[in-house]
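Structure first, then comments.
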Amino acid sequence: MKKIITLALAMILALSVFAGCGKKGEMTVEEGKLIMATNAYFPPYEYYEGSEIVGVDAEIAAAVAEKLGLELEIADMEFDSIITAVSSGKADMGLAGMTVTEERLKNINFSDTYAQGVQVVIVKQGSEIQSIDDITGHSIGVQLATTGDIYATDDFGSENVVEFNKGNDAIMALLSDKVDCVIIDNEPAKSFVAANEGLVILDTEYVTEDYAACISKDNEALLAAVNKALADLTADGTIQKILDKYISAE
Ligand code: GLN
C-alpha cells in the first residue's frame with residue numbers, strides 16, 4: 001500500500017512539473033511551440049525542398065517536438081546567429097549540424113549527441129592540394145563561424161581564410177578559383193560535390209566531431225526534456241531511421 005501511495009505521489013509530482021512548464025510557458029519561448037533555429041543551407045541536415053525545410057535535423061526536431069507534445073516551428077537564419085537566438089530566448093533550440101565545442105559550451109548548453117561529423121577538404125579536380133599539409137599558403141573557403149572556420153584559422157592563419165555566409169557560397173568561390181579549397185562538414189561536402197562537376201573531397205579526415213542541439217543555459221527543463229526525447233528516439237530506432245534516410249552508408 002505504501003508503495004502504491006509513493007508511486008501515486010511521484011506520478012502526481014511528475015505530471016505537475018510537466019503541466020507547470022506548459023501552463024506558465026516556462027519550458028518553451030511560445031506556449032505549445034518548439035522553435036528550432038537553423039541555417040537551412042546545409043544538406044542533408046537542413047535544406048529547402050520547395051518552401052519546406054527538410055533534412056536530418058528537421059526530422060529529429062519534429063520527432064522531439066511530437067514526444068514533448070509541442071508544435072515544431074523552424075526559424076531559418078545565418079549560422080552565426082543561431083547561438084545568440086537561442087541564448088536570448090528568440091528560439092528554443094538550435095539544430096544545425098552544430099558541433100559541440102568547449103568554446104560554445106561557455107555560452108550555451110548542448111543536448112546529448114545525435115550524430116557525428118567530419119571536417120573534410122574539397123578541392124577542384126587536379127588540384128595541387130592533395131593532403132592537409134599541402135593547404136599551407138593556399139586560400140581556404142569556409143562558412144563563417146563554423147568549426148571549419150575556427151580550425152582553418154588556427155592551423156593556417158586568418159590571412160589565408162575567406163569566410164562565407166553559406167557553405168554553397170564557398171563552393172562557388174572554389175569553382176571560380178577565388179579560393180583553392182573549402183573546409184566543411186563531410187555530408188554537406190558530399191552534397192555539394194554531387195551537385196557541382198569538377199570537385200573532389202580529399203581522402204583525409206581533418207577533424208571528427210559530435211553534433212548536438214544547443215539549448216539556453218537558462219532552460220535546464222527543456223534540456224532534460226530534449227535529452228529524454230532523444231534517448232527514447234534512439235532506443236526505438238527513430239534517430240537511426242532518420243539518419244539512414246538522408247545519409248547513405250559508404
Ligand atoms: N559542424 C559545423 C559547426 O558546428 C558546421 C555547422 C553548419 O555549418 N551548419 O560549426
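Structure data summary
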read-out	value
Calculated over the chain: convex hull of Cα atoms, volume per residue (Å³)	136
Ranked 139, 131, 111, criterion: other C-beta atoms within 10 Å, fewest first	131, 139, 111
Antiparallel DSSP beta bridges within the chain, as percent of all bridges there, nearest 5	60
Karplus 3J(HN,Hα) series, Hz, for segment 69-85 with 6.51 cos²θ - 1.76 cosθ + 1.60 (x for Gly, Pro)	x, 10, 9, 7, 10, 10, 10, 8, 8, 5, 4, 6, 9, 5, 4, 5, 4
Over the chain: helical MRE at 222 nm, DSSP H runs n ≥ 4 each giving -39500 (n - 2.57), nearest 500	-12000 deg cm²/dmol
Rounded Å value of the spacing that divides the Cα centres of segment 122-171 and segment 184-205	13
Value of relative contact order over the chain, rounded to a whole percent, pairs C-alpha under 8 Å and six or more apart	25
For the chain, built as a Gaussian network whose Cα springs stay under 10 Å, the top-fluctuating residue of 102, 197, 66	102
Ordering of 158-169, 141-152, 229-240 by packing [mean C-beta count within 10 Å, highest first]	141-152, 158-169, 229-240
Debye intensity ratio I(q)/I(0), log10, segment 128-211, q values 0.16, 0.17 Å⁻¹ (C-alpha model)	-0.54, -0.62
Length gained when the stretch residue 116-residue 165 is fully extended (0.36 nm per residue, less Cα-Cα span)	15.4 nm
Pairs from 33/90; 106/166; 124/190; 67/166 whose Cα-Cα separation, in the structure shown, is over 21 Å	106/166; 67/166
Positive-pole candidate from 238, 153, 165, dipole of segment 129-250, charges at beta carbon	238
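All of the numbers you see were taken from the coordinates with simple rules; none came from a lab. Fair warning: this is a prediction, and the values are worked out from it, not measured in the lab. Using ideal geometry, Cβ is built from the backbone for each residue, glycine included, and neighbour counts are taken over all protein chains shown.
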